[in-house]
Amino acid sequence: MTFHWSVIWEHADRFVAGAMLTIELTVLTMLLSLPAGLILAFLRLSRWRLIRIAATAFVELFRSTPLILQIYWVYYVLPVFADIRLPGLATALIGLVCNISSYNSETFRAGIVSIRRGQWNAGLALGMTRGQAMWRIVLPQAAMRVLPALATTWVSLFKDTSLVSVIHVEDLSYVSLKIRTETFVILEVLTAMAAMYWFMGYPQAKLVDWVHRRFKVAE
Amino acid sequence: MDIDISPLLTRWQFLSQALGVTVYISLLSLTFGFIIGVLVGALRTYGGRLLDALLGFYVDSMRAIPLLVVLVWTFFAFPLIAGISLNTTTAGIIALSVHLGAYMAETVRAGLTSVRGGQMRAALALGMSRIEAIRKIILPQALIRMLPSLGSLCTFAIKDSAIASVIAVPELMRQSQIVAGQTYHYVEIYTALMIVYFLLCYPLARGVDRLYRRVAHLGSS
């Protein structure tokens, strides 16, 4: 069996461009999903029942269905209902943000709830408003506790971005699969794709383990 | 817009068959994944440094490479090296199991290490072999503690099986794409699909949560 590894070098710039888009998608999705997840968490802890139910329904729906289906759903259904045609990248981003912010909201909610009630009461007793007690007392403490869970979500997000290839967003997996069909060099191209994901993902997985050790909650 | 669910009604046999395939590959990949997970998790915990490093490399690699890539590689590239041919369903089950197995292994390892060392020493002192102690004393307690993670891995297995559609495994996602492509009723079909997957995953997750609350005391020592 002869190998054609030169194909990889001939298309190196396309592989790199795909990898860059994968990284961009990961970073952008997380940047948008952090505030979105926090808002969802607040809505789930709201005083009004209707808001609580709506937020819970959103979160549970996106946590209980496959991301690949969510991406298709946003791709086909959103233009029909909302009557807007978005570029593929924006569509992918919406799908990813809905999914990841749902996971983030559970993380934030668990973090907020884990801060003992006494912290709240002490804040209020000192004359703070509810908002102040949340921003100055509860959230800073919760932030340290949710870091490990957020790090785990980050790595699975990095992997999940590969699913945007199904709606022709030109990330690393889309580009690789396309080069495969153009050149018919299957083994080498697919192995290069896996290797590139490995080189990017492996250090992240290790970093997550470190975050887990470093910020472990011991009470 | 008008909603027309007729493709769902006329093709329901085709789609329910696909649902069967989704359940089938989810169950098989869960079973194989669990076997891989228990073996790898136990060997990493009790098998010494070298095994821990080698198997740790497998686990961390699977945590780093997207499932889509594992699936595509297993179906298109692996047969070229191995000189065999795989059908889509077999390749799908292999890839899903190998990927899920790594996550199972992490869960099993966390469960095993959470059981206090005194349990193992007590079992050894009673004359059990190490294998026996793991099987009869440590694992039963660890399994109860692992239950919440195992529950979420079950829903992950179902959700991940949808990714097998990219290598044309005839499961629910793939077959729905075919029906949607033939009838152009994307909205109805993909919305129905969201509901079906939700009905599969959500009760499963809540059910395992409930079960755990009832048996949690059995895992404390």
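Bear in mind that the values in this text are calculations on the coordinates, not laboratory data. Since this is a predicted model, take the numbers as computed values, not measurements. FYI the Cβ positions are ideal-geometry reconstructions off the backbone, even for glycines, and counts take in every protein chain you see.
A few points about this structure:
- Shape annotation for segment A:113-219: C-alpha extents along the principal axes are 70, 29, 14 Å, from largest to smallest.
- Phi to ³J(HN,Hα) by Karplus 6.51 cos²θ - 1.76 cosθ + 1.60 over segment A:177-186, Hz, x for Gly, Pro: 5, 6, 4, 4, 6, 6, 9, 6, 8, 7
- Cross-link reach is defined here as a Cα-Cα straight distance under 15 Å, omitting same-chain residues fewer than 8 places apart; for residue A:178 the aspartates and glutamates meeting it are A:10, A:13, A:170, A:188.
- Whole-angstrom gap from segment B:1-20 to segment A:32-62, using each part's C-alpha centre: 32
- Per residue of peptide A:190-196, the mean number of Cβ atoms on other chains within 10 Å of the residue Cβ is 5.
- Proxy reagent accessibility, fewest Cβ within 10 Å first, across A:24, A:170: A:24, A:170
- Restricting segment B:18-124 to trypsin sites (Lys or Arg not before Pro) in coil, as DSSP defines it, with at most 12 other Cβ within 10 Å: B:116
- Cα gyration tensor shape of segment B:2-104, rounded if a/c is under 1.5, else prolate or oblate by comparing a/b with b/c: prolate
- Bridging of residue A:206 to aspartates and glutamates at a Cα separation below 20 Å is possible for A:160, B:52, B:60, B:106, once same-chain residues fewer than 8 apart are set aside.
- Calculated [θ] (222 nm, deg cm²/dmol) that DSSP helices of n ≥ 4 give over chain A, each run adding -39,500 (n - 2.57): -26000 deg cm²/dmol
- Cα-centre dipole for segment A:1-154 with unit charges at Cβ (Lys and Arg positive, Asp and Glu negative), debye to 20: 1040
- Neighbouring partner chain Cβ atoms per residue of A:169-178, average, 10 Å criterion: 1
- Arranged from fewest to most other beta-carbon atoms within 10 Å of their beta carbon, B:78, A:108 become B:78, A:108.
- Hits among lysines - C-alpha to C-alpha of residue B:159 under 22 Å, sequence gap 8 or more where chains match: A:159
- Ascending count of other beta-carbon atoms within 10 Å, so fewest first, for A:198, B:12: B:12, A:198
- Mean partner shielding of peptide A:200-210, defined as the number of other chain Cβ atoms within 10 Å of each residue Cβ, is 3.
- Cα gyration tensor category, rounded, prolate or oblate, for segment B:67-221 with a/c compared to 1.5: oblate
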